[in-house]
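Colleague: Sharing a structure, written as C-alpha cells. Questions coming.
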Amino acid sequence: MTAFRISKRAMLMAACASAAIATPAFAQEAPGTSAQEEEVVIVNATRRATALQATPVAVTAVSAAQLQDAGVRDIRDLTQLAPSLQVPVSESSASVTARIRGIGTQGSNPGLESSVGVFVDGVYRARNGVAFGDLGELQAVEVLRGPQGTLFGRNTSAGLINVTTKRPQFEFGTSGDVTFGNYGAFGIGAGITGPLSDDLAGRVYIAARSRDGYVNINPGAADRNESHNQAYISFRGQLLWQPREEVSVLFIGDVSSRKEACCAAVVFRPDSRPVSTTAILNRIVPDALATRSGMESFESRANRSYDQSIEDRGLSVEVDWDLGFGTLTSVTAWRNWKWVYGQDADFNRADVLYRDIGEKAGNEFTTITQEFRLAGTAGKLDWLVGAFYSDETIDRIERFRIGSDYQAYIGGLLAGANALVLPVRGGPVSLETVPLGFLATGAFGIAPGNIAGFTAGGGTKDEFNQQSTSIALFTHNIYNFTDNFSVTLGLRYTAEDKDFRADYGTTGNGACRALESRFGLNPTAGIAPFGAGAIGAAGALCAPWMRSALDNIDHRQAKEEREWSGIVSGSYRVTDDINTYASYSRGYKAGGFNLDRAFSDTTGGVPTSVVIGTTVGAQTVRNPDTSFAPETVDAFEIGIKTQWLDRQITANFALFHQTFENFQLNTFNGISFVVTAVPEVVAQGVEMDFVVRPDALEGLTITGGAAYSDTQYTNNLGSVADPRTFLGQNPNLYFIQDRQLTSSPEWTFGGAVNYETAVNERGTLLKTYLDFRYVSEYNTGSNLDPRKEQNEYTLVNARVALSTADERWTLEVWGRNLTDERYAQITFDAPLQGDSPQLVSNGAGGFVPRPITSQLGAFVGEPQMYGITIRWNH
C-alpha cells in the first residue's frame with residue numbers, strides 16, 4: 001500500500017480500473033498539490049493495484065511512514081495498527097500465532113498449518129513462526145481480513161498479512177538507524193541502493209540487534225539467569241534487472257540468525273492444595289518463592305536453559321513481463337528455516353523434565369514454491385488466471401528428557417501426604433523408592449526381575465518427517481457492468497498430497513516398562529481392575545514420554561485432499577465517495593498429521609495401535625491414525641467504504657459471518673499436546689477503521705479502528721457418554737462449548753495521532769506520534785479453563801522526533817507500553833503439576849468434572865520499553 005496525491009479525475013479512474021501488476025505503486029505527488037490534498041491509497045488485495053476505497057475486501061493498509069512511526073519491525077508489532085489482529089507468542093520465538101477475527105492456529109505443532117497466511121514480497125511463508133523476524137526496510141503492509149484462498153491459496157482461511165519491502169532504486173541512496181534502549185537494548189540497521197548499470201539496480205540491507213531479557217530466572221540465586229532476550233542479525237540483498245521497458249526481473253536473497261533464550265514461564269496461578277505438587281517440588285529443591293505469582297514481578301524458576309537458535313534463509317526470483325494483451329508474473333522461491341532449542345520443560349527449579357539444545361531438538365522447513373499469474377483486460381472484463389506449486393519438507397526431532405529429580409518427584413505424587421515427611425533420598429523409605437514399592441505390590445504380579453526405576457537422561461528419541469506437495473489452478477475475474485457496478489467471480493482448485501513417517505524410541509523408562517511387561521502397552525487399561533488409585537499411579541509412571549507402545553514401529557501414513565475454494569462478490573459505487581460491496585467466499589486450510597506422540601487410546605483404554613496391530617516378520621506394526629481433517633470456512637461479508645467532508649475523513653465498515661467446519665485445535669492438557677477437529681466454529685462481528693486529515697490543521701493525521709468479534713465454538717459437540725462424538729473423544733474440552741475462542745477478545749479498539757510541523761525558519765520538523773490499543777478480557781488457554789482469563793488492558797506507545805527539513809537526519813525518543821501493563825499472552829497447565837479440567841465417571845453412569853488443581857504457567861507480554869533512535873536517509 002502506498003499513498004500518493006493525484007487529481008480527482010485520476011483518482012476516480014484508479015477506483016474503477018485495475019492494473020495487472022503484482023507490486024505496489026510507489027509514492028508519487030502531482031505538481032502543485034499541498035500536503036493536505038486528496039490522497040489515494042493503493043492496495044494489492046486482488047493481486048492487482050487498486051484503490052483501497054474501491055476494493056471489495058476488508059483491508060487494513062499501513063504505509064511505510066506509519067510503520068516507522070509505530071516502530072514496526074516484525075508481525076507482532078502490527079497489532080497496534082490492526083485491531084482485528086492478535087499475535088500471541090508462547091513457548092519460543094518460533095511459537096508465534098497470528099489471529100484475525102479471533103481465528104488462528106494455536107500451539108507450535110508443525111503439523112498444523114496456519115489459518116493466517118503470511119506473504120513477504122510475494123513469497124508464502126510456511127508458518128507464522130517462520131515469518132517472525134526483522135522484516136527489513138518496509139514499503140507497506142496489508143492485513144486482509146476473512147478468507148483469501150482464491151488468490152493466495154490454502155491456509156489463509158482467516159486472513160492474510162501481505163508484506164512488501166522496498167525495492168532497488170536507480171538513484172543512489174543510503175539509510176539506516178541506530179537504537180539504544182532500556183534492558184541494554186542496542187541495534188543498528190543500514191541499507192544502500194543505487195544503479196549498477198543502465199538496466200540493473202541493487203539494494204542491500206543488514207541489521208543487528210540485541211537486548212537483555214525481561215523475565216528474571218531464579219532472582220537472587222547463584223544460578224540467576226534471564227529469558228526473553230534478543231540477539232539476531234539479518235541480511236537482505238536485491239537486484240532489479242530491467243532489460244526492456246516491458247520486462248523486469250527481481251532477485252532477492254536473505255539470511256537471518258537468532259541466538260536467544262526464550263521463553264521462560266511465570267506462575268499465573270499456583271497449585272494451592274494442602275499437599276500440592278509445588279510442596280512436593282519444594283521438598284526436592286527448596287524454593288520459598290515458588291508459590292508466588294510472577295505476573296507482576298516477571299520472576300520465573302528454572303534449572304535448565306531456554307537457549308534457542310533460529311536460522312532462516314531464502315532465494316526468490318520475480319519476473320513481470322508485459323505481453324501486450326496482459327502481464328505475465330512468475331514468482332519462484334526456495335526457503336529453509338531451522339529451529340533448535342533447549343527448555344526447562346517443567347518450569348521450576350527441580351530437575352524433572354527438559355530438552356537440551358545440544359541434542360538439536362526442533363523443527364526444519366524446506367519449501368520450494370512456483371507461481372504463475374497472467375492478468376489483463378478485455379473490454380469490461382478484468383481477468384486473471386494462475387497456477388501454484390509447492391513442495392514442502394518438514395523434519396522434526398524430539399528429545400524430551402527426564403532429569404535427576406524425576407523419580408523422586410513421581411514418588412512424591414504416589415506418596416501423597418506422606419511426601420511431606422519422607423526423605424527425598426536415602427533410607428529404606430524415601431521418595432525415590434516409592435515407585436519401586438508400588439511396582440512390588442504383590443497383587444500386581446510383576447516379576448521381581450522386571451521391577452526397575454527411571455534413569456536420568458532417559459526419555460524420547462523421536463523423529464518425524466512430512467513431505468507435502470500442492471498444486472493449484474485459480475482464476476479471479478472482475479466484470480464491470482457499468483462504471484459503478486462490478487461483479488467478481490473467483491475459483492481455485494487445490495490438490496494436496498502428504499506423506500508422513502515417524503520413528504520412536506524410549507529410554508530410561510524402567511518403571512513404566514515393568515507395568516507394560518505385566519499389563520500390556522497401555523498399562524492404565526490393564527491395571528483398571530485394581531481400582532482408580534492404581535490407574536492414577538500407572539498414569540504417573542507411564543506418562544507419554546515414558547511409554548514404549550510406539551517404539552520400533554514403522555509408522556507411515558499418507559493423505560490426499562482435493563478442495564475447491566472461491567469467491568463471488570458485488571461492488572456498487574453509490575457516489576464518488578461511497579462504495580458498497582457484498583461477498584461470499586469459501587476458504588480451505590489443509591489437513592495433516594500430528595507430528596507428536598499420539599497413542600490413539602480408545603474410550604475403553606486399549607490403544608488402537610494394539611487392536612489393529614499386525615505382524616510383519618519379527619516386527620509388530622502399530623500405526624495409530626494421527627491425521628486430522630482439512631478445515632473449511634464459508635464466509636459472508638457486507639462492507640461500505642466512505643469519504644466525507646471533501647475527503648478529509650475516510651471511514652470504512654465491514655459486517656461478517658463465518659462458519660468453520662473441522663476447526664483444528666491443538667491443546668496441552670498438562671501431559672501432552674492433543675490435536676482435535678472441533679465440528680463447528682462461528683465467527684461474526686463488525687469492524688470499522690477511519691482516517692482523519694483535517695484541512696484546518698495541516699500536518700495532523702488521526703487513524704483508528706474498532707472490532708467486535710463474537711467467535712465461538714457451537715454447542716453441537718455431543719455427549720461425553722457417546723464415544724462417537726467430539727466430547728466423547730475429548731472429555732478434557734468440556735469448557736469450550738458455546739465459549740469464545742482462545743486469545744479472542746470480543747472488543748479491540750485502536751487509534752493513533754500523528755502531528756508534524758516545522759518549528760523554526762530552517763524548516764526543522766517536529767513529529768509527535770501516539771497510539772493505543774484496548775483489548776477486552778479474553779481466555780488465554782486452549783481448553784478455556786475459566787482460571788486462564790486475562791483481564792482487559794490498554795497498551796500505549798509514543799514517539800517524538802526532530803528531523804532536518806530534508807528529513808535526512810532524524811532523532812527519535814520513543815516508548816512502548818508506557819503504562820507498563822503486565823498481561824499473559826498464553827497460559828497453560830504446568831506439566832505433571834495438578835489435575836487439568838476433565839470429565840470423569842461418577843460411578844453411577846454419569847460424568848462430572850473432576851477437581852481442577854493444576855498450577856498454571858504464563859508466557860507474558862513485553863513490559864515497558866523506551867529508548868532513542870537516530871535515523872539517516874540520504
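The values are calculated or read from the model by the stated rules, or taken from the named source; none is laboratory data. Remember, predicted model here, so these are calculated numbers, not experimental data. Note that each Cβ is placed from the backbone with ideal geometry, even for glycine, and that neighbours are counted across all protein chains shown. Side chains are part of the model used for accessible areas, which takes the heavy atoms of the whole protein and leaves out ligands, DNA and RNA. Shrake-Rupley method; radii C 1.70, N 1.55, O 1.52, S 1.80 Å.
Colleague: Within the range 257-376, considering only strands (runs of 3 or more DSSP E) that don't extend past its boundaries, which have at least 1 residues that are of a type in the set (Ser, Thr, Tyr) and open to solvent by 10 Å² or more (accessible area, probe 1.4 Å)?
Modeller: 307-322, 327-341, 353-355
Colleague: Among the numbered criteria (1) assigned to a helix (DSSP H, G or I); (2) open to solvent by less than 60 Å² (accessible area, probe 1.4 Å), which single criterion is violated by Gly426?
Modeller: (1)
Colleague: When you go through (1) open to solvent by 50 Å² or more (accessible area, probe 1.4 Å); (2) in contact (Cβ under 8 Å) with a residue 60 or more places away in the chain; (3) hydroxyl-bearing (Ser, Thr, Tyr) one by one for Tyr755, which number turns out not to apply?
Modeller: Among (1) open to solvent by 50 Å² or more (accessible area, probe 1.4 Å); (2) in contact (Cβ under 8 Å) with a residue 60 or more places away in the chain; (3) hydroxyl-bearing (Ser, Thr, Tyr), the lone unmet condition for Tyr755 is (2).
Colleague: Which residue is farthest from Tyr866 (Cα to Cα), if the candidates are limited to the range 798-831 and must be part of a loop (DSSP other than H, G, I, E, B) and open to solvent by less than 20 Å² (accessible area, probe 1.4 Å)?
Modeller: Taking the candidates together, the pick is Pro831.
Colleague: Separate question: Name the single residue, out of those in the range 213-244 being in contact (Cβ under 8 Å) with a residue 60 or more places away in the chain and of a type in the set (D, E, K, R), that is farthest from Gln343 (Cα to Cα).
Modeller: Arg236
Table: residues versus (1) closer than 30 Å to Phe628 by Cβ; (2) under 24 Å from the mean Cα position of the chain (by Cα); (3) among the hydrophobic types (A, V, I, L, M, F, W, C).
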residue	(1), (2), (3)
Gly670	yes, yes, no
Val675	yes, yes, yes
Ile702	no, no, yes
Asp710	yes, yes, no
Gly728	yes, no, no
Pro731	yes, no, no
Gly750	no, yes, no
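Colleague: When only residues in the range 695-719 that are open to solvent by less than 30 Å² (accessible area, probe 1.4 Å) and in a loop (DSSP other than H, G, I, E, B) count, which is nearest to Gln53 (Cα to Cα)?
Modeller: This residue is Gly699.
Colleague: Inspect all residues belonging to the range 730-747 and state whether any of them is open to solvent by 60 Å² or more (accessible area, probe 1.4 Å) and assigned to a strand (DSSP E or B).
Modeller: Looking for residues that are open to solvent by 60 Å² or more (accessible area, probe 1.4 Å) and assigned to a strand (DSSP E or B), one finds at least one in the range 730-747, hence yes.
Colleague: Then there is this: Among residues belonging to the range 673-687 that are modelled with pLDDT of 95 or more and crowded, with 19+ Cβ neighbours inside 10 Å, point out the one that is farthest from Gly536 (Cα to Cα).
Modeller: Looking at residues that are modelled with pLDDT of 95 or more and crowded, with 19+ Cβ neighbours inside 10 Å, I get Glu687.
Colleague: So Thr780 fits all but one of (1) open to solvent by less than 10 Å² (accessible area, probe 1.4 Å); (2) more than 23 Å from the chain's Cα centre (by Cα); what number is the exception?
Modeller: Evaluating Thr780 over (1) open to solvent by less than 10 Å² (accessible area, probe 1.4 Å); (2) more than 23 Å from the chain's Cα centre (by Cα) leaves (2) as the failure.
Colleague: Could you check the range 648-672 and list, in sequence order, the residues that are closer than 30 Å to Leu697 by Cα and open to solvent by 40 Å² or more (accessible area, probe 1.4 Å)?
Modeller: Once the filter is applied, which keeps residues that are closer than 30 Å to Leu697 by Cα and open to solvent by 40 Å² or more (accessible area, probe 1.4 Å), the range 648-672 yields Gln648, Ile649, Phe653.
Colleague: Also: With the requirement that a residue be more than 18 Å from Asp835 (Cα to Cα) and more than 30 Å from the chain's Cα centre (by Cα), what does the range 254-289 give you?
Modeller: Scanning the range 254-289 gives Asn282, Arg283, Ile284, Val285, Pro286, Asp287, Ala288, Leu289.
Colleague: Could you please give the count of residues in the range 73-93 that are open to solvent by less than 20 Å² (accessible area, probe 1.4 Å) and touching a Cys at 6+ places or on another chain (Cβ under 9 Å)?
Modeller: 4
Colleague: When Gln864 is evaluated against the numbered criteria (1) more than 30 Å from Thr714 (Cβ to Cβ); (2) open to solvent by 30 Å² or more (accessible area, probe 1.4 Å); (3) out of contact with any Asp or Glu (no Cβ under 6 Å at 6 or more places or on another chain), which criterion, by number, is the only one it fails?
Modeller: Every condition holds for Gln864 apart from (3).
Colleague: When Gln53 is evaluated against the numbered criteria (1) under 30 Å from Arg573 (Cα atoms); (2) assigned to a strand (DSSP E or B), which criterion, by number, is the only one it fails?
Modeller: Condition (2) is where Gln53 drops out.
Colleague: Right, something else. For the range 397-437, give me each residue that is farther than 26 Å from Arg349 by Cβ and modelled with pLDDT of 95 or more.
Modeller: Ile397
Colleague: Is one or more of the residues making up the range 750-771 modelled with pLDDT of 95 or more, of a type in the set (S, T, N, Q), touching a strand residue (DSSP E or B) at 6+ places or on another chain (Cβ under 9 Å) and more than 30 Å from Arg871 (Cα to Cα)?
Modeller: no
Colleague: Kindly provide the set of residues from the range 193-222 that are open to solvent by 20 Å² or more (accessible area, probe 1.4 Å) and over 32 Å from the mean Cα position of the chain (by Cα), ordered by number.
Modeller: The answer is Pro195, Leu196, Ser197, Asp198, Asp199, Leu200, Gly220, Ala221, Ala222.
Colleague: Here is a follow-up. What are the pairs, 6+ residues apart or on separate chains, where a residue within the range 143-165 that is under 16 Å from Val331 (Cβ atoms) and assigned to a strand (DSSP E or B) has its Cβ under 9 Å from a residue that is open to solvent by 10 Å² or more (accessible area, probe 1.4 Å) and among the charged types (D, E, K, R)?
Modeller: Leu160/Arg145; Val163/Asp121; Thr164/Asp121; Thr165/Asp121; Thr165/Glu137; Thr165/Arg203; Thr165/Arg236
Colleague: On to the next question. Being open to solvent by 20 Å² or more (accessible area, probe 1.4 Å) and in a loop (DSSP other than H, G, I, E, B) is true for just one of Asp499, Asp483. Which residue is that?
Modeller: After applying the criteria, what remains is Asp483.
Colleague: Continuing with the same structure: I'm trying to understand the selection: among the residues of the range 608-647, which are surrounded by 13 or more Cβ atoms within 10 Å (Cβ to Cβ), of a type in the set (D, E, K, R) and either part of a strand (DSSP E or B) or modelled with pLDDT of 90 or more (or both)?
Modeller: Listed by number, the residues that qualify are Glu631, Asp634, Glu637, Lys641, Arg647.
Colleague: What residue, of Gly111, Gly102, is surrounded by 21 or more Cβ atoms within 10 Å (Cβ to Cβ), in contact with a Gly (Cβ under 7 Å, 6 or more places away or on another chain) and over 30 Å from Asp646 (Cα atoms)?
Modeller: Gly111
The rows are residues; the columns are (1) among the aliphatic types (A, V, I, L, M); (2) in contact with a Ser or Thr (Cβ under 6 Å, 6 or more places away or on another chain).
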{"site": "Thr488", "(1), (2)": "no, yes"}
{"site": "Ala502", "(1), (2)": "yes, no"}
{"site": "Thr524", "(1), (2)": "no, no"}
{"site": "Pro529", "(1), (2)": "no, no"}
{"site": "Pro544", "(1), (2)": "no, yes"}
{"site": "Ser571", "(1), (2)": "no, yes"}
{"site": "Tyr581", "(1), (2)": "no, yes"}
{"site": "Tyr588", "(1), (2)": "no, yes"}
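Colleague: Do we have Ser114 as more than 21 Å from Ser84 (Cβ to Cβ) and at pLDDT below 90 here?
Modeller: When the stated conditions are applied, Ser114 does not pass them.
Colleague: Next question, about the same structure. Condition first: under 27 Å from Glu91 (Cβ atoms), assigned to a loop (DSSP other than H, G, I, E, B) and open to solvent by less than 30 Å² (accessible area, probe 1.4 Å). Now tell me which residues in the range 832-861 satisfy that.
Modeller: Residues satisfying the conditions are Leu832, Gln833, Gly834, Ser836, Pro837, Thr853, Ser854, Gln855, Gly861.
Colleague: If you don't mind, another one. Test each condition in (1) over 23 Å from Gly376 (Cα atoms); (2) out of contact with any Pro (no Cβ under 7 Å at 6 or more places or on another chain); (3) at pLDDT 95 or above for Ser517 and report the one that comes out false.
Modeller: Going through the list (1) over 23 Å from Gly376 (Cα atoms); (2) out of contact with any Pro (no Cβ under 7 Å at 6 or more places or on another chain); (3) at pLDDT 95 or above, Ser517 breaks only (3).
Colleague: Could you check Trp564 against (1) closer than 23 Å to Glu463 by Cα; (2) open to solvent by 60 Å² or more (accessible area, probe 1.4 Å) and say which number it fails?
Modeller: The failed condition is (1).
Colleague: What residue, of Gly490, Gly510, Gly453, Gly459, is surrounded by 15 or more Cβ atoms within 10 Å (Cβ to Cβ), under 30 Å from Arg399 (Cα atoms) and under 36 Å from the mean Cα position of the chain (by Cα)?
Modeller: Gly459
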